[in-house]
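Below is one structure, written out as structure tokens, with a few remarks after it.
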Amino acid sequence: MIIRKVYFLLLTCWIISPGCNPDLHEEKVREVDSLLALTMDLQKKISSSKIQMLNDFNIEMEKDLSYFIDTVGYEFPMFNQTGEFEEYLNLQDDMENCLSACNKYSEEVFMIETNLTDIRDRLIRNDKNHSKT
């Protein structure tokens, strides 16, 4: 019970007097910088050449499917029901889902980067304002 009160008191003092510890501010900036570095690394992986190759392959699959449906599928509608054709459709659908997920993930990572940059800028501005006073 006493330990909880001591922790609460320490936490309260830490929150109330952030200006008392200048290293704490620098530590926050370093932590945000570290998170920004991780975020940038994620963005590089999401926009890598391998993902672009996957996108190019998906475009080729779409062209193949379009050609097949327009030519062979039109002449032989029952041929569209073969297992190989269904597997190809499933593969193409899975690739589109994967690429869609990558795009959504990329947007989310960009938002995280923007938020972290804003936080870092505010921390630096606040530090400059405190050092002027």
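Computed over neighbours whose Cβ is under 13 Å from that of Asp23, the net charge equals -2, Lys and Arg +1, Asp and Glu -1. Considered as an equivalent ellipsoid built on the Cα gyration tensor, region 22-132 has semi-axes of 51, 10, 9 Å, the largest given first. Pairs from the list Lys44/Lys104; Lys28/Lys50; Lys63/Lys104 with a Cα-Cα gap above 26 Å: Lys28/Lys50. Each Lys or Arg adds one and each Asp or Glu subtracts one; over the other residues with Cβ under 14 Å from the Cβ of Thr39, this totals -4.
All of the numbers you see were taken from the coordinates with simple rules; none came from a lab. Computed from a predicted model, the values in this text were never measured in an experiment. Quick reminder, even Gly has a Cβ in these numbers, built from the backbone with ideal geometry, and neighbours come from all protein chains shown.
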